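The block underneath contains the structure these notes are about, expressed in structure tokens.
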There are 2 protein chains.
Amino acid sequence: MTLPPSIPHNYTPLTPVSFLLRAALIAPDSPAIVHPERGVKLTYSQWAARTLSLTFGILGTQGWRTGERVAVIAPNCPMILELHTAILAAGGIITPINIRNTPAEIAYILKHSGSRLIFCDSEYQHLLRSNESSSPSAQIIISNDSGGRDDSDPYEHFLDAGHRIWAEAEQAGEKSSMGQLKRGWELIDHPANENAPAALCYTSGTTGRPKGVLTTHRGAYLAAISNAFEAGLGAESVYLWVLPAFHACGWTFPWAVNAAFAAHYILRKVDNDQIWSALLQGGTTHYAGAPTVQIGIVNHGRAERLPRTIRVAVAASAPTSALLSQMEKLNLLPVHVYGLTESYGPVSRRYPHRSWADLSTDDRARLMARQGHGFLTADEVRVCRVPPEDADPQSVALEDVRRDGKEMGEIVMRGNIVMQEYYNDAEATRKTFRDGWFCTGDLAVRHPGGEIQIADRKKDLYISGGENVSSLMVETELSSHPAVLECAVVARKDPKWQEVGHAFVVLRPDHRASEKELQEHCRKHMSKFAVPKFVDLVAELPKNATGKLQKNVLRERVAKLAESAADRQAKSKL
Amino acid sequence: MTLPPSIPHNYTPLTPVSFLLRAALIAPDSPAIVHPERGVKLTYSQWAARTLSLTFGILGTQGWRTGERVAVIAPNCPMILELHTAILAAGGIITPINIRNTPAEIAYILKHSGSRLIFCDSEYQHLLRSNESSSPSAQIIISNDSGGRDDSDPYEHFLDAGHRIWAEAEQAGEKSSMGQLKRGWELIDHPANENAPAALCYTSGTTGRPKGVLTTHRGAYLAAISNAFEAGLGAESVYLWVLPAFHACGWTFPWAVNAAFAAHYILRKVDNDQIWSALLQGGTTHYAGAPTVQIGIVNHGRAERLPRTIRVAVAASAPTSALLSQMEKLNLLPVHVYGLTESYGPVSRRYPHRSWADLSTDDRARLMARQGHGFLTADEVRVCRVPPEDADPQSVALEDVRRDGKEMGEIVMRGNIVMQEYYNDAEATRKTFRDGWFCTGDLAVRHPGGEIQIADRKKDLYISGGENVSSLMVETELSSHPAVLECAVVARKDPKWQEVGHAFVVLRPDHRASEKELQEHCRKHMSKFAVPKFVDLVAELPKNATGKLQKNVLRERVAKLAESAADRQAKSKL
């Protein structure tokens, strides 16, 4: 990549694009992409050449201008990883779209982002049908994920066209002795402003319209370096794509894996059988996923203790102690991380302490659930008092909670790996910042040792008899019962206590426990007001297609139960 | 550290100062400093408190202004590591001075840098004697390296005074629930400009006046992250201070070790007995040093195969294959790095290749000697043609050498981990940059696989019968002979060939080899013109106190030999 001559000699604008070229120059023959389902294998030099063709293809789009948005609708596949580098190299902004969104949501995102190009995996083409009217000028490129072995794959045609543009550009330029690949990359401009936007990721809010999280080249570079460092990625690592790459740009792993010259191992969907094949035979060293995904993996029929330790980042919501302990027994080393789309994915983790060596696995897991230590390139993660509801939050200065493990506050952060803004939404941006800090909406306590423990989303907290109860903390207690496989707690309106907990519990196969026994188990470790008043044993919990728990479904269910109970009570009083 | 409110929420100026505070917050009880010789042990929270007192002490110096230079004359000790953070935190520029410099050189550096404060270890106080006149306004603080256990230690008095200023500043401010240490650090301004100068390191040039290499906060931060990543430093690591911390700011390790929450293990001098104690009993996981230092370590009487692998960065000059192979046998894993003071220390390394696993140790070592792959945060390291002697270098565009392992060129670099300039020396700065690239003066070839192999300093190259000969390459060949412990080759004037090689060889104890045998060994692998015409077996090579080979001494010796030979020849012709 070529820098403008005006840039000082001791300054290279930070951009995650540079990692792929560096990998291709230093580790040209190392495996970059392994995609067993489609029989695709690419070395870093092959992959950098494909990605460069893609870059030229985008640059060759009629009327292409720097700063334009390019949408991607795809599961984990080589294309979405290639686009993470190519779109940025072409000066564009990548807009990865969640394939579980509805066609209407996708239409909204395409319109709001003003995407000029849309790369879409053929399996998800139906999501675009209703959008024809919403983005008439956008060019759509369909991919069959064929890895170049299907002559009719439109994405491969796009790459071929890009390759011809590259060849023409090269003929026009000077010859070089440095090899075609490097010469080709030198024809591309290096992003001259590291604070230029790099990605636009829409959060799938449960209420309201999705918001577009705008991040920068500098932030993505520094976050990717943190992820590579904190995960201990190296040239021998194999990163298994369980986490969707469309989710917060795959937590910057499309770039972090390149920074370490590690291999990307592709999984198009979360299939536990394929995952166990990758763990047992694919050389996997790292993967990441939400607790609900981990539960599926550790309870799968092929689960067995692995011969070597695999590092697993567990995030999205805090894992229960029981799950962490179960993973360790399989030689899956859980690293509990915390972050949001607004922080480029993980921004903090729990550092294990030397003194843990003598503790039982369960105790270690319990300590690991506390976390919140800033990543290498992150600023400190703070827990601050939530301003009173009647105050204007902007006028209340930030104040840290006590380090007592009890006082609950909101997690706030700032610095290089915090988003720039909500795209084209000044009001949402203004509301989410206080005193120059991004307010996450997540609640936590801070322990005397400095570590924080995520309590809940603000909305998952409820008040019972005047006391704050965190549904996550109740779930953690329930999960420590040996018979419990999975559980969820939501608030239920109560005539006496205002709100009470209503737990839904899935038991392990061949285990039994009564509702009463589970309540008594909670009572041993929790205040009385926090013990769930209702416990329902159920066959399964409602989840969406990515395995994320749908608490809103449970909330609707208990709302109806509470209503009919109130009805009955009212009737009995008559 | 407090940021001015004008800084955007998604921007924190990069500074290596932040690593110590982060370590103290996340790993407060982890060992930071282990200094067995003086019985000093400090945790990160204790050390961050000391360093903060030091910062306040500097800030409290009469008339202190941002950007002032603070000199340090000390061997490896806690003070020099503390100053690497404290001076920068106070807005100053650290000027570490080589304790092997002469008093006259030191006087020059103190004057040229305009150092306002001088921190000096009591053992090296004599170096300052002649300087009284050169820097009359400078304040000198002597340290006994007592770690606070000697009431008469002036450095400790300085820290005590700083601690009082801190306490006063804290009383004046608001109270906080976040603990004294964090509150204290919040009273310090975060450097608001990441491109502000951070360090001024004088290179001990063999010719001419020392030049002051000026580096920045951003560069030091990014270089430290690279060093932590490339060395694989982690919270369980123990970094043994063999490399002097005054040398190019200890290659940024005073910050990199903090970034990883690893422990600094202090050695005041290169003592092989102490080194083996640290390797065998001190928990060392990493150290760095020049090849001549490594030779002393691997040949020491206590040398034995270590139970666990220790990573050793080998630099300053390229190690011979024989040394690399010897280290591997002791379980010292050599990582060959290359860099200069102008690149914050190491800027490139050799990445081992998967295919090496089947090779012999000697073959692996031979491949490892080729290197030059840019560090994580470095730009590409290039090898470019040297402009003809009669051309104005500024007018000749940079051109890469062929990737054939033969064409010799100069190593050039640019980017975030290249120095800003030679301090107050616009002419030297101008001369050393071409086309916006820093020209190192080091010669190398580039192999077809992309890796580079350092040939020599420009001045260590000589011309024999019209052919370029690299003295390092001759040394590498000689060292591969099993009887050779160490060797050095310099050019000698020759009436027929213009210059020829003159080798000085130290044999291993209990090994024998004749001069002729060594020449024949070279002839097997090298062109005839490169085989040294003269080989002298010697008991030892001339070295300075830091163990660096003094080639200039050998050059003077051969100059005299060549002269008297010419005399004899002239006489015999009479």
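The values are calculated or read from the model by the stated rules, or taken from the named source; none is laboratory data. A quick note: this is a predicted structure, and the numbers were derived from the prediction, not measured. As a convention, Cβ positions derive from the backbone with ideal geometry for all residues, glycine included, and neighbour counts pool all protein chains shown.
Quick notes
- Taking the listed residues A:311, A:349, the one that is in contact with a His (Cβ under 7 Å, 6 or more places away or on another chain), of a type in the set (Lys, Arg) and buried (at least 21 other Cβ atoms within 10 Å of the Cβ) is A:349, with no other qualifying.
- Taking each residue of the range B:250-271 that is in a helix (DSSP H, G or I) and looking for partners that are of a type in the set (Val, Ile, Thr) with beta-carbon atoms closer than 7 Å, six or more apart or interchain, yields B:259/B:225.
- Options A:474, A:506, A:500, A:489: the member that is over 30 Å from residue A:214 (Cβ atoms), in contact (Cβ under 8 Å) with a residue 40 or more places away in the chain and in a strand (DSSP E or B): A:489
- Evaluation of residue A:57 against the conditions (1) within 25 Å of the chain's Cα centre (by Cα); (2) buried (at least 18 other Cβ atoms within 10 Å of the Cβ); (3) at pLDDT 95 or above; (4) not charged (D, E, K, R) shows that the sole unmet condition is (1).
- Unmet criterion (only one of (1) in the same structural domain as residue B:443 (by TED's automatic domain parsing); (2) at negative phi) for residue B:364: (1)
- Annotation: residue B:475 fulfils all but one of (1) outside the structural domain of residue B:404 (by TED's automatic domain parsing); (2) over 20 Å from residue B:324 (Cβ atoms); the unmet one is (2).
- The residue that is surrounded by the fewest Cβ atoms within 10 Å (Cβ to Cβ), counting only those in the range A:517-564 that are at pLDDT below 90 and in a strand (DSSP E or B), is A:543.
- Members of the range B:230-242 found to be modelled with pLDDT under 95 and surrounded by 24 or more Cβ atoms within 10 Å (Cβ to Cβ), listed by number: B:231
- Subset of the range A:94-108 [crowded, with 24+ Cβ neighbours inside 10 Å and of a type in the set (Val, Ile, Thr)]: A:94, A:95, A:97, A:106
- Count of residues meeting criterion [basic (Lys, Arg), touching an Asp or Glu at 6+ places or on another chain (Cβ under 8 Å) and more than 11 Å from every other protein chain (Cβ to nearest Cβ)] in the range B:325-384: 2
- Scan the range A:19-32 for residues that are more than 8 Å from every other protein chain (Cβ to nearest Cβ) and either within 26 Å of the chain's Cα centre (by Cα) or among the aromatic types (Phe, Trp, Tyr) (or both) and the total you get is 6.
- The listed residues are B:40, B:70, and the only one of them that is of a type in the set (Val, Ile, Thr), under 28 Å from residue B:139 (Cβ atoms), surrounded by fewer than 23 Cβ atoms within 10 Å (Cβ to Cβ) and in contact with a strand residue (DSSP E or B) (Cβ under 7 Å, 6 or more places away or on another chain) turns out to be B:40.
- Considered as a group, the residues in the range A:385-398 that are surrounded by 11 or more Cβ atoms within 10 Å (Cβ to Cβ) and either more than 13 Å from chain B (Cβ to nearest Cβ) or under 16 Å from residue A:433 (Cβ atoms) (or both) include one that is modelled with the lowest pLDDT, and that residue is A:393.
- Elements of type strands (runs of 3 or more DSSP E) contained in the range B:111-212, each with 1 or more residues being surrounded by fewer than 18 Cβ atoms within 10 Å (Cβ to Cβ) and at pLDDT 90 or above: B:139-143
- Considering the conditions (1) within 14 Å of chain B (Cβ to nearest Cβ); (2) crowded, with 18+ Cβ neighbours inside 10 Å, residue A:444 is excluded by exactly one of them, (1).
- Residues that are at pLDDT 85 or above and surrounded by fewer than 21 Cβ atoms within 10 Å (Cβ to Cβ) do occur in the range A:334-341, at least one of them.
- Some residue of the range B:33-44 being within 14 Å of chain A (Cβ to nearest Cβ) and more than 24 Å from the chain's Cα centre (by Cα): yes
- Yes/no for residue A:401 being farther than 24 Å from residue A:251 by Cα, at pLDDT 90 or above and within 14 Å of chain B (Cβ to nearest Cβ): yes
- Residue in the range B:420-427 that is among the acidic types (Asp, Glu) and either surrounded by fewer than 16 Cβ atoms within 10 Å (Cβ to Cβ) or at the interface with chain A (Cβ under 10 Å from one of its Cβ atoms) (or both) present: yes
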